[in-house]
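Trainee: One structure, as C-alpha cells, below. Some questions next.
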C-alpha cells in the first residue's frame, strides 16, 4: 500500500498539484491519466523518491518493496540480460553478490562461514534459488529468447532493452509497482500478455499510459490529473470518460430535475457493470462501480482535440488494390506476394513482428519507396496522406506553427489555419511558436 499525504509539487512558481491525499491499496491497479505536461510521470517519480516534493509525505507499509520501470536504456549496458532482470530486486541481488564474494575468498575463515550461512538463510527466505529461472521465465514470456539471456545489454537493440527493463520491474513480485508507459515498443502479443499479468497481480500497481484499451483491460481505478488537481475514481478509463461526459451533459441541462439526473446516472452504472468482462480485475472493478456513490461522478473539465477527417470529395468503391508486392533489405526478405483489396468503408489493421516490414509496406504504397516486385493502384477518386514512423524530417524547420501548417493546406487564410489549430488545442500565442 502507498499512502500520499498533503502532497505538493511545484517547479519555480508553477504549482503542478497541491493537497493530494490518497491511498493506493493492494490488489488494485490505478490507471493515471491526464494531458501532456499535467504531471503523470512527475507523480510516479515523486512516489519513487526520484524528485523532491515541496511538502507532504509519501509512505509504504513497513517491509514493502517498491519497483519502478526504468526509463534509462543504457544504465545496465555492462550487465547481462539475465543479471539486469535480477537487479530489479536490489536486496536479493546484493545478498547474491556478497555471498559469492565470500565464497571466492582464498582465505575463507570461520567468520566468513558464519556470515555466509546468515546470507544463505536470507537468500532462501527470498526464494533466491529460483531467481534465475524466474527471471528467465519472465524474459521468455516477454519475447526475449534464451540465446540472448547471457548477452550484454549493450549488444541488444532498443526494443529488446524495453522488454528486459519491463521484466526487471516485474521481477520478484514487488509489493508496489510503478509503470510509466510500459506498452511502448511492445507488439500486440506482448501487450496482451502484460494485460493478463497485471489483471491477476495481487499487489499495488500504478500505470501511466496513453493506451486507453490497455488501461481499460487492467485498471480497477482511474487517477485523473487535471487543472492542478488529482482525483481518484472507481472504474477503468472508459467508465471514467463516459460517466464524466454524462455528468457534464447533465450540468449543462440546468432545468433537469436532480432526481432525474440521479436516475440517469444509476442506469448508466447498471449498464456498464453488466458489460464488464469476467476477469479477476474486472470483477473487482465491477464491485467498486456498483458501490459507487452518485455524488462521486464529476463532470470532466478536460478538453479534447477535434480530429476530424473530411474528404475533399466522395470516395468511390475502390480505395486500394495491391498485387504481388514484395520488399527486402540487403537480401533479407521483409514480405513477398502481398495481395489485398481495400474497399470503401474498410478499416484495416496491419500487424507484423518486424517493424521494418510494416514501414516498407507503407513507404511503398505512399510512393516513397519502390517494391522489389508487384504493383499497387489507388482508386481514381482517392487522395492519400501518410504519417511515417520517423516523422522527424517534418519538424526540421524554423517556421512558426502557423506557417508550418500552411505548407500542407490549400486554404492558408488566417481564419482557416487558426481554426484548424484551435481544434487541436493550439490557441493564442502558441501558434507562433517554432
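The values are calculated or read from the model by the stated rules, or taken from the named source; none is laboratory data. Here the structure is a predicted model, which is why all the values come from computation and not from measurement. Every residue, glycine among them, receives a Cβ derived from its backbone with ideal geometry; neighbour counts consider all protein chains shown.
Trainee: With the requirement that a residue be in contact (Cβ under 8 Å) with a residue 60 or more places away in the chain, farther than 21 Å from residue 354 by Cβ and either touching a helix residue (DSSP H, G or I) at 6+ places or on another chain (Cβ under 8 Å) or assigned to a loop (DSSP other than H, G, I, E, B) (or both), what does region 158-175 give you?
Mentor: 165, 167, 168, 170, 171, 172, 174, 175, listed by residue number.
Trainee: Among the residues of region 329-347, is there at least one that is in contact with a helix residue (DSSP H, G or I) (Cβ under 8 Å, 6 or more places away or on another chain), more than 26 Å from residue 319 (Cα to Cα) and free of Cβ contacts under 8 Å to residues at least 60 places away in the same chain?
Mentor: Just the residues of region 329-347 that are in contact with a helix residue (DSSP H, G or I) (Cβ under 8 Å, 6 or more places away or on another chain), to begin with: 329, 334-335, 338.
If we keep only those that are more than 26 Å from residue 319 (Cα to Cα) too, we end up with 329.
Retained after the next criterion (residues that are free of Cβ contacts under 8 Å to residues at least 60 places away in the same chain): 329.
Yes, region 329-347 contains at least one residue that is in contact with a helix residue (DSSP H, G or I) (Cβ under 8 Å, 6 or more places away or on another chain), more than 26 Å from residue 319 (Cα to Cα) and free of Cβ contacts under 8 Å to residues at least 60 places away in the same chain.
Trainee: Do we find that residue 182 is in contact (Cβ under 8 Å) with a residue 40 or more places away in the chain, closer than 18 Å to residue 89 by Cα and part of a loop (DSSP other than H, G, I, E, B) in this structure?
Mentor: No; evaluated as a whole, the condition is false for this residue.
Trainee: Okay, next question. Considering each of 381, 377, 413 in turn, give the residue that is surrounded by 12 or more Cβ atoms within 10 Å (Cβ to Cβ), free of Cβ contacts under 8 Å to residues at least 60 places away in the same chain and over 29 Å from residue 189 (Cα atoms).
Mentor: The unique qualifying residue is 377.
Trainee: Quick one: would you say residue 420 is at negative phi and part of a strand (DSSP E or B)?
Mentor: Against the criterion (at negative phi and part of a strand (DSSP E or B)), residue 420 does not qualify.
Trainee: Take region 21-39 and flag every residue that is on the phi > 0 side of the Ramachandran plot and within 13 Å of the chain's Cα centre (by Cα).
Mentor: Matches in region 21-39: 34 only.
To keep it simple, each residue is scored yes or no on (1) at pLDDT below 90; (2) in the same structural domain as residue 330 (by TED's automatic domain parsing).
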position: 366; (1), (2): no, yes
position: 387; (1), (2): yes, no
position: 392; (1), (2): yes, no
position: 405; (1), (2): no, no
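Trainee: Does any residue of region 68-91 turn out to be at pLDDT below 95, more than 23 Å from residue 162 (Cβ to Cβ) and part of a helix (DSSP H, G or I)?
Mentor: Yes: region 68-91 contains one or more residues that are at pLDDT below 95, more than 23 Å from residue 162 (Cβ to Cβ) and part of a helix (DSSP H, G or I).
A quick yes/no check of all residues on (1) assigned by TED's automatic domain parsing to the domain that holds residue 222; (2) under 26 Å from residue 207 (Cα atoms); (3) free of Cβ contacts under 8 Å to residues at least 60 places away in the same chain:
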| site | (1), (2), (3) |
| --- | --- |
| 24 | yes, yes, no |
| 30 | yes, yes, no |
| 37 | yes, yes, yes |
| 90 | no, yes, yes |
| 106 | no, no, yes |
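Trainee: If you don't mind, another one. How about region 384-407: which of its residues are part of a loop (DSSP other than H, G, I, E, B) and surrounded by 10 or more Cβ atoms within 10 Å (Cβ to Cβ)?
Mentor: Matches in region 384-407: 384, 386, 388, 389, 397, 399, 400, 407.
Trainee: Looking at residue 221 and the list (1) modelled with pLDDT of 90 or more; (2) more than 15 Å from the chain's Cα centre (by Cα); (3) outside the structural domain of residue 244 (by TED's automatic domain parsing); (4) surrounded by 14 or more Cβ atoms within 10 Å (Cβ to Cβ), which single condition is not satisfied?
Mentor: Tallying (1) modelled with pLDDT of 90 or more; (2) more than 15 Å from the chain's Cα centre (by Cα); (3) outside the structural domain of residue 244 (by TED's automatic domain parsing); (4) surrounded by 14 or more Cβ atoms within 10 Å (Cβ to Cβ), residue 221 fails exactly one: (3).
Trainee: Taking the options 132, 98, name whichever one is over 18 Å from residue 76 (Cβ atoms) and part of a helix (DSSP H, G or I).
Mentor: Exactly one of 132, 98 is over 18 Å from residue 76 (Cβ atoms) and part of a helix (DSSP H, G or I), namely 98.
Trainee: Related question: Using the structure shown, decide if residue 5 is over 30 Å from residue 148 (Cα atoms), more than 24 Å from the chain's Cα centre (by Cα), assigned to a loop (DSSP other than H, G, I, E, B) and at pLDDT 90 or above.
Mentor: No; evaluated as a whole, the condition is false for this residue.
Trainee: Now, a different point. Look at residue 319 and say whether it is closer than 30 Å to residue 144 by Cα and under 34 Å from the mean Cα position of the chain (by Cα).
Mentor: no
Trainee: Taking residue 234 as the residue in question, decide whether it is in the same structural domain as residue 7 (by TED's automatic domain parsing), touching a helix residue (DSSP H, G or I) at 6+ places or on another chain (Cβ under 7 Å) and over 30 Å from residue 10 (Cα atoms).
Mentor: no
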